[in-house]
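Here is the structure we will look at, set down as structure tokens.
Every number here is computed from the coordinates shown, using simple stated rules; none is lab data. Computed from a predicted structure; not experimentally measured. Glycine also receives a Cβ, built like all others from the backbone with ideal geometry; neighbour counts cover every protein chain displayed.
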Amino acid sequence: MSTAATARYEIDSAAADYDAALSRTTRRVVICAGTGCLSAGALKVRDAFRHHIETAGLPIIVELRAEDHHKGIHVGTSGCQGFCQQGPLVTILPDNILYCKVTVEDVPEIVISTLVGGNPVERLQYQAADGGRCRGQAEIPFYAQQQRIVLQQCGVIDPESIDAYCHTGGYRQARRAWRELGDKELCDLVTASGLRGRGGGGFPTGRKWEACRIQQGERKFIICNADEGDPGAFMNRSVMEGNPHSVIEGMMIAAKAIGATEGWVYLRAEYPLAVKRVRRAVADAERAGLLGPDVFGTGRSFTIQVMEGAGAFVCGEETALIASIEGHRGMPRPKPPFPAQKGLWGLPTTINNVETLAMVPLILGMGVEAFRSRGTKGSPGTKTFALTGHVVNTGLIEVPFGATLRQIVFDIGGGVLMDGKVCGEEAFKAVQIGGPSGGCLTKEHLDLPLDYDSLRGVGAMVGSGGMVVMNTKTCMIDVARFFMTFTKAESCGKCVPCREGTRQMLAMLDQIVEGKADESVMARLAEVGQTVQIASLCGLGKTAPSPVLSTLRLFKDEYLAHVVDKRCPARKCKALTPPTIDAHLCRGCMACLKVCPVGAIHGEKKQPHVIDAEKCIKCGACITTCKLKAVA
């Protein structure tokens, strides 16, 4: 049998065998084994299912293999199913029942009621706003409002099975690319699709590929940038954990398009599960003959190596990432030359992020027009977001570009949380989008179609896809200070504007929250931020001031309250927040009233006292005097 025939057999035959194994399952119990659910005990839940199914005398299938011919219930795991707020998640197929927050103690009831009796356990099903129970994903608003393309298989297939991926059509588009499509044809196809980089700036992927394709050289590289470092972002991690072969296939297609012979996956060491699954995916693809010296019988070679990054945020920048792979300190260099001209070890290199590469096989499979039918004209397709913060439903979502903030926060997210209650628009204050490189969106942006160009127009950016929802009790200066603390710590220090500018900006924000600033500090903060934007060497520095400049523009009144009135409207900045008296602890001893130098405390003897926030000078005398700890 020829090498080409062997490669064809590895894909098609493996898919057929897996299909045959699936056909022998009477039911499938799929436990979410993404990082979030694993931390909540998903593997213990899996083991409990296997134990109780056997105890109930039901036939069980632990591993789907073609050579096994008995029927039974398959108990397996998937990657992240997305609804992280409700984990551990358990899906029962083909019943399409989704159980939320499943514990080991819940398993016996599920086995008896559902697997034996065929009846759902209603108390474990998602409860809708009207009190009704939702059977499965199709009935849950969190899922029903999404368009999951990249994430479609993440919560369904076994991420550690190459056969499972082949069963979904995996590696067929890579085979087509290597055997049937020319290099330029691939670049033109991706250009026509309008695919833009999902890692931050949104540069057209096809143009990036073409820039590398036309370079001369016997060795070229394709690098998967999996160095996801934004606080609160976990989109790339979830794709790598849930469907790592989709990333490998995307790299193979990109390699064919640009003429690369070697690939690298640069992955954060803080993602041990993703590292494990990507390494296994590469090893399985090598054993199957999909990677190696003779890809799909073409006589051309392509290999992939996985490198763990040390966690430096700056290594998400292309040239800093390249330096790190080469064994140098991760520091950016000026461009041009661009990586397409002079990248890894001075050779032509293309760098794409995880989601971008995972999207490529899907585009080839569905066709350019079908892909462009989603999203907007300038930003076709879908985008994954990590939805976190003061929102009812946190998790991993995927929506078409052009979806509005209102749809994401209130339809998919289920509304804003404040004081443990579900609230509407009145409790919504802002969304920080794009992480430390992004900006804020407010109520006036709730109906803004979200895409690369519209967000850039309001001083924000898609970024990698972090989205933090904040309620009205959030201090925006504190938010800006949080992100500036992060970017200052992550600055590589190579260029003065970023190294010193971020330090100065953080110092000024500290002055503001400590009540030591005046309006001139606000002016200097904006000036320094604009200088850092213009003069910094790399993308980290150029975007580091964005959260600060964004909040300065959108929440100027809140800054003025801090610097002029010396108060924090959200009562988060301790130095600017008057103390309060807990009525449950106060016995009306009048000790605090007597020591207050400005007469800001009122109350009758043996009755709870009250502090007048307008008069209070925050001297702290009442706090130190109260022996009952009623003042704080």
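Could you calculate, for the range 323-403, the ratio of the Cα radius of gyration to the Kirkwood radius, expressed as Rg to Rh?
Answer for the range 323-403: 1.11.
Against the globular-protein guess of 2.2 N^0.38 Å, express the Cα radius of gyration of the range 129-177 as a ratio, rounded to two decimals.
1.59
Of the beta bridges DSSP finds with both residues in the chain, what % are antiparallel, to the nearest 5?
50 percent
Placing unit charges on C-beta atoms (Lys and Arg positive, Asp and Glu negative, everything else neutral), compute the dipole magnitude of the chain about its Cα centre in debye, rounded to 20.
1460 debye
By a straight-distance test (C-alpha under 20 Å), which lysines pair with K618 as possible cross-link partners, with residues fewer than eight away in the same chain excluded?
Straight-distance partners of K618: K516, K566, K572, K574, K594, K627, K629.
What does the helix-only formula give at 222 nm for the chain: each DSSP H stretch with n ≥ 4 adding -39500 (n - 2.57), the total divided by the residues, and the result rounded to the nearest 500 deg cm²/dmol?
My calculation for the chain gives -11000 deg cm²/dmol from helical runs alone.
What does the charge dipole of the range 235-374 about its Cα centre add up to, to the nearest 20 debye, if the Cβ of each Lys and Arg holds +1 and the Cβ of each Asp and Glu holds -1?
For this selection, approximately 120 debye.
If all Cα-Cα distances of the range 41-98 are sorted into 5 Å bins from 0 onward, what percent lands in each bin, rounded to whole numbers?
The distribution over the range 41-98 is 4, 15, 24, 26, 18, 9, 3, 1, given as percents.
Would you mind giving the three semi-axes, in whole Å and largest first, of the ellipsoid equivalent to the range 359-444 according to its Cα gyration tensor?
29, 13, 12
Going by how many other beta carbons lie within 10 Å of each one, how would you line up H602, H167, H51, fewest first?
By the 10 Å Cβ count, ascending, the order reads H602, H51, H167.
Whole percent per 10 Å bin, from 0 to the bin with the longest distance: what is P(r) over all C-alpha pairs of the range 182-310?
Bin by bin from 0 Å, the calculated values are 13, 41, 37, 10, 0.
Express in whole angstrom the spacing between the alpha-carbon centres of the range 392-447 and the range 568-609.
The distance from the Cα centre of the range 392-447 to that of the range 568-609 comes to 36 Å.
For E500, E122, which order do you get if you count the other beta carbons within 10 Å of each Cβ and list the fewest first?
Ordered by Cβ neighbours within 10 Å, fewest first: E122, E500.
Please report how far the C-alpha centroid of the range 254-282 lies from that of the range 166-212, rounded to the nearest whole angstrom.
Centre-to-centre (Cα) distance: 17 Å.
For the charge dipole of the chain, defined by +1 on Lys and Arg C-beta atoms and -1 on Asp and Glu C-beta atoms about the Cα centroid, which residue among Y452, C626, G413 has the Cα displaced farthest towards the positive pole?
Selected residue: C626.
Below 8 Å, C-alpha to C-alpha, sequence gap of six or more: please give me the relative contact order for the chain in percent.
With pairs under 8 Å counted, the relative contact order is 11 percent.
Quick one: Kirkwood hydrodynamic radius for the chain, alpha-carbon pairs, angstrom, one decimal?
Answer for the chain: a Kirkwood hydrodynamic radius of 26.8 Å.
Report for the range 169-371 the percent antiparallel among DSSP-assigned beta bridges with both residues inside it, nearest 5.
10 percent
Using a Förster radius of 22 Å, what is the FRET efficiency between D582 and K627 based on their Cβ-Cβ separation? Nearest 0.05, please.
0.95
Using a basic spin-label model with each label point 7 Å from the Cα along Cα→Cβ, how many nm lie between I112 and E67?
3.9 nm
Binning every alpha carbon pair distance of the range 88-215 at 5 Å from zero, what are the percents per bin?
Pair shares across the bins are 2, 8, 12, 14, 13, 13, 9, 8, 8, 7, 5, 2, 0.
Report for the range 18-137 the percent antiparallel among DSSP-assigned beta bridges with both residues inside it, nearest 5.
For the range 18-137, the DSSP antiparallel bridge percentage is about 50.
Please compute, for the alpha-carbon atoms of the range 18-137, the extent along each of the three principal axes and give them in descending order in Å.
Taking the Cα atoms of the range 18-137, the three principal extents are 46, 31, 25 Å.
When only Cα pairs under 8 Å and 6 or more residues apart are kept, what is the percent relative contact order across the range 477-563?
37 percent
Which listed residue (V399, Q125, V360) has the Cα farthest towards the positive end of the charge dipole for the chain, taking +1 on Lys and Arg C-beta and -1 on Asp and Glu C-beta about the Cα centre?
V399
Taking N as the number of residues in the range 578-632, what value does Rg over Cα atoms divided by 2.2 N^0.38 Å take?
Normalised Cα radius of gyration, the range 578-632: 0.94.
Could you calculate the contour length gain from R571 to A613, that is, 0.36 nm times the residue separation minus the distance between their Cα atoms, to one decimal place in nm?
Contour length minus the Cα-Cα distance gives 14.0 nm.
So what are the range 477-563's ellipsoid semi-axes, whole angstrom, largest first, if each one is the square root of 5 times an eigenvalue of the alpha-carbon gyration tensor?
Values for the range 477-563, descending: 21, 12, 11 Å.
Is there a quick way to get the dipole size of the range 477-563? I mean about its Cα centre, with the Cβ of Lys and Arg at +1 and of Asp and Glu at -1; what is the value in debye to the nearest 20?
Here the range 477-563 has a charge dipole of around 380 debye.
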